Amino acid sequence: MQQSNENDMQIALLIDADNAQYKNIGLLINRVSTFGRIIIKRAYGNWTKAALKKWDGIFNKYAIKPIHQIDYTTKKNATDIALIIDAMDFLYTSNCNCFAIVSGDSDFTPLALKIRETGSLVIGVGLKNTSKSFINACDTFIDLNEIEDNKGEPEQVKRLTERERELIALFRTAAETWQDDDGFTDLGNAGNYIKRVNPDFSIKDYGVSKFSALVEKYRNFFDTREIKSKGGGSIIQYRMLV
């Protein structure tokens with residue numbers, strides 16, 4: 001079980017667009033955000049290429065800064081070099097202590113090893129065909145094939161609005177990250193995580209004023225319980241029913 005410690009990890013998310021799928025970016029950001037707060041989001045590529053045109057709508061939606069890098073030669077990947085230069089800059093000049101590198105390229109193996117030597121965490125993100133050397137150089141690896149999408153959702157979830165489906169998905173991600181041995185997750189952890197992923201989140205948009213009322217409103221999707229805290233108060237926990 002991963003501990004909720006959002007103040008520990010300040011994350012730089014660095015995306016090699018030549019080796020990443022734009023369709024997975026939202027799910028990817030949700031998963032990486034379980035480790036802490038993403039304070040830098042950059043995607044690297046030669047944006048004049050036709051293959052990268054569909055990234056245009058991704059930048060504003062997820063507040064990602066596009067870094068344009070032309071191809072100086074056909075034999076060297078200038079995009080990789082630009083990403084590595086920025087990563088080293090952030091390593092020594094920013095508050096980042098966690099680096100999420102999105103690529104399947106073995107060229108990033110030395111970078112991952114160098115970052116780890118400084119004591120910072122390295123999260124690798126890619127597909128199953130990602131270089132084994134890169135995977136082994138990271139502290140943890142996220143396989144994009146294992147990040148669930150809406151295709152496998154139950155019918156009761158599919159009947160929700162898009163905004164409601166996204167909310168349920170965030171509750172599910174929080175549960176997968178912080179659940180205890182009984183499958184229950186502190187509602188406070190989930191609330192903090194949802195606000196971190198969606199800064200514009202307003203619980204009032206769902207017709208309630210607090211998270212406990214929110215899970216009650218969608219009680220067909222949650223099982224809840226209340227336990228006593230060490231301070232004498234109470235903690236509301238939930239687990240997913242779907």
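Each value in this text was obtained by applying a stated rule to the coordinates, not by laboratory testing. Just so we're clear, the structure is a prediction, and the values are computed from it rather than from any experiment. All Cβ positions, glycine included, derive from the backbone under ideal geometry; neighbour counts span all protein chains shown.
Once the convex hull of the C-alpha atoms of the stretch 127-242 is built, how many Å³ does it hold per residue, rounded to a whole number? Before the final figure, lay out the partial values.
Details: hull volume 17.4 nm³, N = 116.
Convex hull volume per residue, Cα atoms: 150 Å³.
Could you tell me what percent of the DSSP beta bridges with both partners in the chain are antiparallel, to the nearest 5? Could you put the intermediate results ahead of the total?
Details: 9 of 34 bridges.
Antiparallel: roughly 25 percent of the beta bridges in the chain.
What does the charge dipole of the chain about its Cα centre add up to, to the nearest 20 debye, if the Cβ of each Lys and Arg holds +1 and the Cβ of each Asp and Glu holds -1?
Details: 32 positive and 32 negative charges, 105 e Å.
Magnitude of the dipole: close to 500 debye.
How about K114: which lysines have a C-alpha closer than 18 Å to its C-alpha, ignoring those fewer than 8 places off in the same chain?
K132
Grab the DSSP H runs of the chain that are 4 residues or longer, score each as -39,500 (n - 2.57), total them, divide by all residues and round the 222 nm result to the nearest 500 deg cm²/dmol. List each step's numbers first, then the result.
Values: 9 runs with 84 residues, N = 242.
Result for the chain: -10000 deg cm²/dmol, rounded to the nearest 500.
Please name whichever of G207, Q179, I194 sits farthest to the positive end of the charge dipole of the stretch 150-240, dipole taken about the Cα centre and charges placed at Cβ: Lys and Arg +1, Asp and Glu -1.
G207
Under the Karplus relation 6.51 cos²θ - 1.76 cosθ + 1.60, θ = phi - 60°, what is the ordered set of whole-Hz ³J(HN,Hα) values for the stretch 11-17, x standing for Gly and Pro?
Values, residue by residue: 9, 9, 9, 10, 10, 8, 5 Hz.
Do the alpha carbons of any pairs in K23/K65; K61/K158; K65/K204; K210/K230; K128/K158; K23/K204 sit beyond 25 Å of each other, and which pairs?
Working: K23/K65 17 Å; K61/K158 22 Å; K65/K204 30 Å; K210/K230 22 Å; K128/K158 28 Å; K23/K204 29 Å.
K65/K204; K128/K158; K23/K204, as the Cα separations exceed 25 Å there.
Could you run the Debye sum over the Cα atoms of the chain, one equal point scatterer each and no solvent, and tell me log10 of I(q)/I(0) at q = 0.08, 0.09, 0.11, 0.12 Å⁻¹, two decimals?
Those come out to -0.34, -0.43, -0.63, -0.74, one per q.
Could you list the square roots of 5 times each eigenvalue of the Cα gyration tensor of the stretch 1-141, that is, the equivalent ellipsoid semi-axes, sorted largest first and rounded to whole Å? Mind dumping the intermediate values first?
Working: eigenvalues 102, 61, 41 Å².
For the stretch 1-141, the semi-axes come out at 23, 17, 14 Å.
Over the stretch 150-240, what is the relative contact order in whole percent, taking alpha-carbon pairs under 8 Å and six or more residues apart?
25
Could you run the Karplus curve 6.51 cos²θ - 1.76 cosθ + 1.60 with θ = phi - 60° over the stretch 54-59 and give me ³J(HN,Hα) per residue in whole Hz, x for Gly and Pro?
Karplus values, whole Hz, x for Gly and Pro: 6, 6, 3, x, 7, 4.
For the chain, what relative contact order do you get, as a whole percent, if you take Cα pairs closer than 8 Å and at least 6 residues apart? Kindly include the intermediate steps, with their values, before the conclusion.
Working: 363 pairs, mean separation 40.6, N = 242.
Once divided by the residue count of the chain, the mean separation gives 17 percent.
How large is the charge dipole for the stretch 150-240, taken about the Cα centre, if only the Cβ atoms of Lys, Arg (+1) and Asp, Glu (-1) carry charge, to the nearest 20 debye?
Values: 16 positive and 15 negative charges, 45 e Å.
Dipole about the Cα centre, nearest 20: 220 debye.
Among F141, P110, M240, flag the residue with its Cα farthest along the positive direction of the charge dipole of the chain, charges on Cβ as +1 for Lys/Arg and -1 for Asp/Glu.
Of the listed residues, the answer is M240.
Under 5 Å between amide H atoms, partner at least 5 residues away or on a different chain: which partners does K41 have, H built in plane at 1.01 Å?
L13, K65
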